[in-house]
Amino acid sequence: MSVPKRREILGLIPTRGGSKGLEGKNLRILEGKPLIAYAIESVAKEFGAEVFRHPAEFSNDGKPTFPVIQYVTRALINAGDLFELVTTMRATTPLRHAEDISGAIQQLLDTNADSVVSLVADPTGHPMRLKQVGPDLRIIPIHLGEEDAPIVRQDLPLVYRRNGAVYVTRTPIILGGSLFGRDSRGYIMPKERSININDEVDFICAAALLRAARERQS
C-alpha cells in the first residue's frame, strides 16, 4: 500500500490596524468573539497558529497585502522552514469553513495549477453593468454594450469575483513575485460563506448569517 506524501503548507492570515472602512474591524466583536478569531479557528484546524510580526512599513494604510505574504514566506525559509504551498486567508471573511481551505488545497494538488483562488458567483457584476462617474456626474461606461438601454442580467455571461477567503499558491510562485502565477484556478464558494467585511453593512450582514447558521444547527 502506498503512503500519501506529507506536504508542508504555510497558512497565513495577514492583518493590520488602521482600517478606514470600519475602524478596528479585526478586533471588533462579531457574535461574541473578535472578527479575527474566526479566521484563526478555521486555520488552526488545518495548520495550528502563531503570531509573526512583519515590519511596520507594510502596515501603512493603502499598502497591498502581497508584499507581506512574500516577506513572511522569505523570512521563514531563511530561518530554515520548508513548505510547498502558501495558503493565505483574509481575517475579514468569517464565514469561511475549514473545509474550504482543505478543498482549495486539494484542488491545487489535483490540477497541478500555480494557484487556487476562492470565488463567488456575482450575477450582477458583469463589467457591462459597471459605470464610472466623472466630476460632473456624467456616466462613463467601463464596458460597451449598454449605450441605449440596460441589458437583462440573465442575458449576460455569469462572472465571478474574489471573495478573499482562500488563496493557495505554490511557494516558488510567491518567491517569483506573484500570488497567482500563470495558471490560476477558481475554488467556487456559496454566497452565504463569501461575505468580506469592509464596512458596517458587511459587518451587520455577517452577524445575521452567523446567527442563521447557528439556528440551522440547533
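The values are calculated or read from the model by the stated rules, or taken from the named source; none is laboratory data. Just so it is clear, the structure is predicted and the values come from calculations on it, not from any experiment. Cβ atoms come from the backbone with ideal geometry, glycine included; neighbour counts cover every protein chain shown.
Some notes on this structure:
- So THR93, is it buried (at least 21 other Cβ atoms within 10 Å of the Cβ) and of a type in the set (Ser, Thr, Tyr): yes
- Taking the criterion of being under 24 Å from LEU158 (Cα atoms), surrounded by fewer than 15 Cβ atoms within 10 Å (Cβ to Cβ) and of a type in the set (S, T, N, Q), the residues of region 104-138 that qualify are THR111, THR124, GLN132.
- The lone criterion from (1) within 20 Å of the chain's Cα centre (by Cα); (2) among the small types (Gly, Ala, Ser); (3) assigned to a helix (DSSP H, G or I) left unmet by GLY164 is number (3).
- When ALA104, ALA75, ALA113 are checked against the criterion of being among the aliphatic types (A, V, I, L, M), assigned to a loop (DSSP other than H, G, I, E, B), in the same structural domain as ILE36 (by TED's automatic domain parsing) and at pLDDT 90 or above, a single residue qualifies: ALA113.
- Tally of residues being β-branched (Val, Ile, Thr), modelled with pLDDT of 70 or more and either exposed (fewer than 15 other Cβ atoms within 10 Å of the Cβ) or out of contact with any Pro (no Cβ under 7 Å at 6 or more places or on another chain) (or both) across region 51-72: 1
- The lone exception for ARG90 - which of (1) touching a residue at least 40 places away in the same chain (Cβ under 8 Å); (2) not in a loop (DSSP other than H, G, I, E, B) it fails: (2)
- Qualifying positions in region 186-195 - part of a strand (DSSP E or B) and touching an Asp or Glu at 6+ places or on another chain (Cβ under 9 Å): TYR187
- Residue in region 33-42 that is exposed (fewer than 15 other Cβ atoms within 10 Å of the Cβ), touching a Gly at 6+ places or on another chain (Cβ under 6 Å) and modelled with pLDDT under 90 present: no
- Each residue in region 151-169 was checked for being among the polar types (S, T, N, Q) and in contact with a helix residue (DSSP H, G or I) (Cβ under 9 Å, 6 or more places away or on another chain), and 2 of them qualify.
- Some residue of region 121-129 being more than 30 Å from GLU146 (Cα to Cα), in contact (Cβ under 8 Å) with a residue 24 or more places away in the chain and of a type in the set (D, E, K, R): no
- Exactly one residue out of GLY80, GLY48 is modelled with pLDDT of 90 or more and assigned to a loop (DSSP other than H, G, I, E, B): that is GLY80.
- Hits in region 60-72 (condition: of a type in the set (Ser, Thr, Tyr) and assigned to a loop (DSSP other than H, G, I, E, B)): THR65
- When THR169 is tested against (1) in contact with a strand residue (DSSP E or B) (Cβ under 7 Å, 6 or more places away or on another chain); (2) in a helix (DSSP H, G or I), only condition (2) is not met.
- Here GLY177 passes the criteria (1) at pLDDT below 90; (2) assigned to a loop (DSSP other than H, G, I, E, B) except the one numbered (1).
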